[in-house]
1. If you take each beta carbon of peptide A:213-221 and count the beta carbons of other chains within 10 angstrom, what is the mean?
2. Taking 7 Å along the Cα-to-C-beta vector as the label spot, tell me the residue B:345-residue B:260 distance in nanometres, rounded to one decimal.
3. For B:45-51, what's the mean count of beta carbons from other chains sitting within 10 Å of each residue's beta carbon?
4. Restricting things to Cα coordinates, could you compute the convex hull volume per residue of region A:5-84 in Å³?
5. Could you tell me which of rounded, prolate or oblate describes region A:152-202, using a ≥ b ≥ c as the square roots of the eigenvalues of the alpha-carbon gyration tensor, with rounded for a/c under 1.5 and, failing that, prolate when a/b is larger than b/c and oblate otherwise?
6. Spin-label point model (7 Å from Cα, Cβ direction): what's the residue B:311 to residue A:51 distance in nm?
7. Leaving out same-chain residues fewer than 8 places away, which aspartates and glutamates sit with a Cα under 17 Å from that of residue A:224?
8. Taking neighbour Cβ counts within 10 Å as the exposure measure, how do B:314, B:218, A:301 sort from fewest upward?
Amino acid sequence: MKILLATDGSEYAGMALDYLLRFPFPEDSSVILLTVIDKRVFVDAESVELTAEQSEALHAVHHTVREEAQAFLDMAAQRVGARGLAVTVQLRSGDVAEEILIAAEEAQVDLVVVGSHGHSPVRRFMLGSIANRVLTYSPYSVLIVKQPEAGHSLPGLEGEPWRVLLAYDDSAPARKALELCASLPLGAGDSVEVVTVLTLVTGFRQDIYQHLNPVWQQKKIAAKAALDGAVVKLHGSLPGVTSQLREGASSSHEIIEAAEESGSNLVVLGSEGKSALQRLVQGSFTGNVARHAPCSVLVVRED
Amino acid sequence: MEVSLLQLIGDEAVLQAFVAELSIASLLGIIVVSIVLLSKGADWMIDGVVDLAERTGMPKIVIGATVVSLGTTLPEAFVSVMAAFMGNPGLALGNGVGSIIADTGLIFGLTCVLAAVPMNRFILNRTGWVQVGAAVLLVVLAVIPLLRGDPEPVLERWVGFLFLALLVGYLYITYVWARQGSVMLLEEGEETAHELMSIGKCWLLVIGGLVMILVGARVLVPAASEIALRLGVPDDVIAATMVAFGTSLPELMTAIAAVRKGHPEITVGNIVGADVLNCLFVIGAAAVASPLAIPENFYYFHFPAMLVILFSFRVFISMNRSGVFHRWQGIWLLAVYTVYVVLGFALNVESAHPV
């Protein structure tokens, strides 16, 4: 698996690196560490008239920032290397989200990893503009790393097993997410919960009608069968697989609630590659889960 | 979790969770508040409509068929569009057709029995044709795929766009007829017994009243269903009663308030308008959201029932040269509706609200 980790030396980026180092990637994975120097921070020396002194000072600052970024990248690369993964570094400058997307495309990565804000209900809502843009526009899978909930340490450490929640609806992207979960080298204490949500119209209690209807009951049986199929596939490669069939007005709400109830530290979901219209119509599920989930979220996209 | 009033009304999951946690006494309290909202809202709206009609010279029946109907069909539209988006298109179609049957058979039938309903023939003759025409068009478009031998007939997305375009046409032509109609006949020639409100206040009462009705219905149905569920009332009984009438509650409350205040012609307008809108707006918008599969029982049960009720109504309009709907006509509509409900249970036909 080819992974691109966008890092900026901040607390969130450090957390994303820590998470990445503990993530149970397949052994042959390689990592590109990328730092982007935000071009908006520096005055464009050519477009503004500067005195020789100002220009020199600007260059000096630019130089320092690059040096610091490079030093940070090298340090991070050492840590990734020590984990046994092949690693390269890239230092770019420009619009941060745009450069992350360009670098991902150039290297044809499988996964882009970005850090996001913390876990309090308000901050949970704030995905961060970079993470949000990468999630919205990336055609590749995206892992958004969030700070662990209070009282929890990073998964992968002693006493903190991986508790993965896989949102599954038997669609092509969901099957891709299932495959990815099956390929993770999880340990004996780790667990995976597969959750399928059947949405129904609860306004004016139309759900009571729906529950009584044979078509709905057939739909439920089919969903249960697909869910059981997914569990069987995972059982072959993973320990501790459970499943849950939930019903509710909103799939994203149910997934978030399920993650909260079972104390998940990673939510995995499949998402279609998107055109602008699809982003508008279908983007809400992925976006809502990424924004409101109490833990890190891995959005798996089709090739 | 702290929730705001707006979240309670707007967010489905929040409302459900809130209702589920309440005690029976609190639920009863909520039901009382909802009923007050519904009846006060309907009263205000009718007051607003009556003065608006006098101020603008628009017949009440026209305001009933446009503004009031657009408001009272919002629950059906909301449920149907949500259902179509969520991949339950049958529910969407069922809501539209089921509401036409309940509004005309039950609510208008009841109004006719309770009050002498005057009719503005100039307007009703025309909008009545639109009412029947929209339903016939729906049935014809539903039968075409069946005749083509399609094993799973659907109302395609283009039908939805066509219906929405026709809806715009309907609203425009109603406006034109209203202008002609108000010139041709001074409505009922009644004397104004009170001081008229300003147009702004009329609109405030109409819109404010509508909002109160919609909020009341939205909260009443889950609260009443929750109590029934806790008391062990079977799901199918709840489905056939409070859930079935839930989305038609605004029309029912409007009809009651209109009869009570002596303006039953608003109900005629509301029912005709709601029938047209259930077809063009509710089913149209749902079909645009997602093509609507047509379950088999619609062909042999729900569509025929809808057509019998609508054609009866249409015939009554032509018959009533005296300018008033007769009580026996209300009894006929109620009888057809009762036969429809009883037959549905006896033959075990799935309700018009399948998944």
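Laboratory data are not the source of any read-out in this text; all were calculated from the coordinates shown. No experiment lies behind these values; they were computed from the predicted model shown. All Cβ positions, glycine included, derive from the backbone under ideal geometry; neighbour counts span all protein chains shown.
1. Values: counts 11, 3, 8, 5, 1, 1, 3, 1, 0.
The shielding value for this peptide is 4.
2. 2.8
3. Details: counts 0, 0, 0, 0, 0, 0, 0.
Per residue, the number of nearby Cβ atoms from other chains is 0 on average.
4. Values: hull volume 7.3 nm³, N = 80.
For region A:5-84, the hull spanned by Cα atoms encloses 92 Å³ per residue.
5. Working: a/c = 3.57, a/b = 1.72, b/c = 2.08.
Cα axes put region A:152-202 in the oblate bin.
6. If labels sit at residue B:311 and residue A:51, their model points lie 9.5 nm apart.
7. Leaving aside aspartates and glutamates fewer than 8 places away in the same chain, those within reach of residue A:224 are A:169, A:170, A:193, A:247, A:254.
8. Values: B:314 18, B:218 25, A:301 21.
In order of increasing Cβ crowding within 10 Å: B:314, A:301, B:218.
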